[in-house]
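What follows is a set of notes on a single structure, which appears directly below.
The values are calculated or read from the model by the stated rules, or taken from the named source; none is laboratory data. Note that the structure is a prediction, hence the values are computed from the model and not measured. Counting neighbours? That spans all protein chains shown, and the Cβs are built from the backbone with ideal geometry, glycine included. For accessibility, only protein heavy atoms count, side chains too; no ligands or nucleic acids. Shrake-Rupley method; radii C 1.70, N 1.55, O 1.52, S 1.80 Å.
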Amino acid sequence: MPYSAPIVSRLAPTPSGYLHLGNAVNFVLTWLIVRRAYGVLHLRIDDLDRARLRPAYLDNIFQTIDWLGIDYDHGPSGPEDFERNFSQLHHLPEYQQFLDELRRQTGLLYACTCSRTQVLAQSPSGHYTGSCPSKTLNLDAPDTAWRAFVPPTTVVPFTDLWQGPLAIELARELGDFVVRKKDGIPAYQIGSVVDDVRLGTTLIVRGVDLLPSTAAQRWLASKTADTNSFLQTRLVHHSLLPGPDGGKLSKSQQQPLDRGIITESTSPRPVFAAVARLLKLPEEAGHSLEALRSAFETAAIS
Ligand SMILES: [Zn+2]
């Protein structure tokens with residue numbers, strides 16, 4: 001048998017909304033893959049966007065995990081433990097160190113003083129088309145975001161364990177994305193790479209809607225020696241579940257009164273059923289977590 005490194009993965013929710021069916025499906029799928037491989041599972045909560053965090057959303061993460069009946073090996077035991085010991089705010093110097101490494105590379109980052117309204121007015125897709133790159137503004141000036149300059153021909157190739165070989169055109173997907181926000185807080189892509197490197201993550205399971213983020217993270221990680229190990233991470237991108245209108249659900253589409261999957265459904269069975277469908281397992285595999293785990297033992301994925 002060839003030597004294979006133990007699987008280390010993570011559940012990585014953001015406390016910026018109640019977790020919906022899609023999040024729960026991702027949790028269960030990740031849990032199944034890790035448990036089948038006798039791997040290690042972290043709970044890693046992305047809270048860099050503190051403006052959108054609400055205590056109820058943070059509580060909801062722990063409640064949803066309990067409700068699903070899944071477990072994790074490392075991470076906060078509850079909201080209080082999270083704030084005290086696990087918040088990303090405790091790791092700001094590490095994120096800044098990565099940003100400083102990126103900054104040392106010629107032409108990689110530039111300062112941008114545009115407002116969100118200006119960016120959206122220039123390009124409805126939100127892709128940056130402003131004139132800041134040619135202005136060489138001071139990165140250390142107050143109220144200045146840092147953007148990564150993504151050359152137009154940038155292609156990020158990788159093999160996904162579920163989707164097969166992929167080549168993401170980063171400039172077309174994201175354009176010059178923000179790596180440090182105007183308030184000086186590192187952007188999601190930075191925190192995500194640094195956290196995964198620190199945790200020793202070897203497997204990332206996420207929805208196909210995050211393929212552009214995966215490409216951005218791999219591209220950034222390839223730029224510094226400290227983050228190069230991130231490129232060894234195995235990837236599983238799963239398809240998304242259709243929403244009630246047939247469209248794909250995302251957290252930003254949730255209604256203000258939406259309380260998330262744990263209040264929408266009397267039991268987690270619809271989650272297990274959705275995972276069974278995603279994995280093309282027999283219908284009865286979706287009746288319980290135990291049935292799902294048992295059926296997954298012999299399934300083909302990863
Ligand atoms: Zn700008």
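Computed with a 1.4 Å probe over protein heavy atoms only, the accessible surface of the chain comes to 49 Å² per residue. Among the protein heavy atoms of the range 1-118, carbon and sulfur supply 52% of the accessible surface, probe 1.4 Å, non-protein parts ignored. Quick one: angle between helix 269-278 and the longest Cα principal axis of the chain, in degrees between 0 and 90, rounded to 10, please. For helix 269-278, the angle is close to 70 degrees. In the chain, the longest principal axis of the Cα atoms and the axis of helix 55-68 are about 30 degrees apart. Secondary-structure-derived ellipticity at 222 nm for the chain, considering helices only, amounts to -9500 deg cm²/dmol, per-run term -39500 (n - 2.57) for DSSP H runs with n ≥ 4. Of the solvent-accessible surface of the range 195-246, computed with a 1.4 Å probe over protein heavy atoms with every protein chain present, carbon and sulfur atoms account for 53 percent.
Multiplying the residue separation of residue 89 and residue 294 by 0.36 nm and removing their Cα-Cα distance gives an extension gain of 69.9 nm. The simple spin-label model puts a point 7 Å past each Cα toward its Cβ; for residue 122 and residue 231 those points are separated by 3.0 nm. In this view, the solvent-accessible surface of residue 159, computed with a 1.4 Å probe and all protein chains in place, comes to about 100 Å².
Computed with every protein chain present, the accessible area of residue 90 is close to 90 Å² [probe 1.4 Å].
The C-alpha atoms of the chain define a longest principal axis, and helix 92-103 lies at about 50 degrees to it. Highest mean first, the peptides 133-144, 111-122 sorted by other C-beta atoms within 10 Å per residue fall in the order 111-122, 133-144.
Apply 1/(1 + (r/R0)^6) to the Cβ-Cβ distance of residue 131 and residue 52, taking R0 = 41 Å, and write down the FRET efficiency to the nearest 0.05.
0.90
May I ask what percent, to the nearest 5, of DSSP beta bridges between residues of the chain are antiparallel?
60
If R0 is taken as 51 Å, the Cβ-Cβ distance between residue 171 and residue 38 corresponds to a FRET efficiency of 0.80. Each Cα pair under 8 Å and six or more residues apart adds its sequence gap; the mean of these over the residue count of the chain is a relative contact order of 20 percent.
Cβ distances below 4.7 Å define possible disulfide partners, and in the chain the cysteines left without one are 114. With both labels modelled 7 Å from their Cα along Cα-to-Cβ, the residue 159 to residue 105 distance reads 2.4 nm. Per residue, the convex hull spanned by the alpha carbons of the chain comes to 147 Å³. Could you state the number of Å between the C-alpha centres of the range 119-172 and the range 4-67? For the range 4-67 versus the range 119-172, the Cα centre distance is 27 Å.
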